[in-house]
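Written below as C-alpha cells is the structure these notes are about.
The values are calculated or read from the model by the stated rules, or taken from the named source; none is laboratory data. Being a predicted model, the structure only gives us computed values, none of them experimental. Cβ placement follows ideal geometry from the backbone for every residue including glycine, while neighbour counts extend to all protein chains displayed.
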Amino acid sequence: MKKIGFILLILLACFTVAQFFGPDPENISGEKSHSRSKLLTNVPDHVENILRNSCFDCHSSQPDLSWFDRITPANYLVASHIREGREALDFSKWDSLPTPQQNAKLYYALNKVLAGEMPLPSYTLLHRDAELTTEEIRTLKTYINSLTPRKYAERETKTMENKPPEMLPPGKKDTGIAPSPNGINYVPGYRDWKVISTTDRFDNGSMRIIYANDIAVEAIRSGHTNPWPDGSIFAKTAWKQQPVKDGVVRTGDFIQVEFMIKDSRKYRDTKGWGWARWRGDNLAPYGENKNFAEECITCHRPVENSDYVFTTPLNPAIFTKPE
C-alpha cells in the first residue's frame, strides 16, 4: 500500500508541475462571455449569439473556455483544435472579408452543421450547451437563405437551341479552347463521366454539378478517397439559378467549369492537385498567370484533411459494381 501511495504521490507531483507548462497562451486565452465584443457587425444579434455559443470557442479570438479546458495536458488538445478551427474559419476576421466571402463562410458553416460534423461531437460531449437545437439550425438556415433571396422568373428563358456549349449533348467536340495559365488543357469529355454530387449555392445564387472520371469513381467504390489516387479528376460546372413560380429551380446561364486533377508529383507545389477553370459561354481560361491556383487552394484549405476535396458523393452505394 505504501508503494501505491508513493506512486500516486509522484503522479500528483508530476501533474502539479505540468500545470506550470502549456501551449502558447495566445491560443487559448480569451474574454469571458459577459465581456465579449460583437464580431459580426452586419449579422443580427440572435444569429451571432447562436454562432457564439456553438462556434466561437474554436473559430474566433474570443474563446470562453471551461476550467477543465485549461488543465494540462488537455489544454494542448484544446489549443490544437482552436488553431485548426481558426485556420478553417475565423469569425474575428469577419469585417475584413467582402460580403460574398462572408456569405460563403456562413454557407460552408451551415453545411458542416447539417452534415453533423460541427460542432465536433467530441467537443459537445463535454460542452453540452454548444450542441445546436433543431430550432437554432432552422434559424441559421432561414437567415442564410435571406442573404441571397431567389428572384422568380415567369418562365424558363432559354431553349435547348440557344443553351451554352456546356449543355449541348455529350460527345460534342470542344475545339479552339485556350489552356489554363498554368498549362492545363480543357477536358472536353467530362460530360460523359458519372455525376457524383450537386450543390445548391444559395449564398451566391448558383447551382453546381460535380462529375468524376473513372479513376475517381473507382476510388469511391473502394473507399480509397483520402488521399485520392493520382489520375483522379473532378469537373464542377456552375450555373446561375433560375427559379420559377412553381418552386422548381432550373439552370439558367452557364457560369464556369472547374477541374481538379490529382497528380501528387506533377502538382506537388499546389497541394498535389492541378487546378483550372474556364468561364462563360466562350470558355475563357481563368487567371492572369499560374499563381491563380493559390486562390483555389485558399478556398479549399478548410478541407485540407480531406485531401482538399469538398465533395462527398450523394450516395456511395450507387457506385458499387453490380453483382
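Some observations on this one:
- Pairs are defined by a Cβ separation below 9 Å, a sequence spacing of at least 6 or placement on different chains, a first member in segment 265-280 that is over 11 Å from residue 296 (Cβ atoms), and a second member that is basic (Lys, Arg) and crowded, with 19+ Cβ neighbours inside 10 Å; the pairs so defined are 272/262.
- Number of the exception - residue 92 against (1) among the small types (Gly, Ala, Ser); (2) closer than 18 Å to residue 303 by Cβ; (3) at pLDDT 80 or above: (2)
- Filtered residues of segment 195-212 (kept if touching a strand residue (DSSP E or B) at 6+ places or on another chain (Cβ under 6 Å), farther than 19 Å from residue 286 by Cα and not hydrophobic (A, V, I, L, M, F, W, C)): 197, 198, 199, 200, 205, 211
- Checking the stated criteria, residue 261 turns out not to satisfy the condition of being outside any loop (DSSP other than H, G, I, E, B) and at pLDDT below 95.
- Residues that are part of a strand (DSSP E or B), out of contact with any Leu (no Cβ under 9 Å at 6 or more places or on another chain) and within 17 Å of residue 111 (Cα to Cα), drawn from segment 175-209: 199, 200, 201, 206, 207, 208, 209
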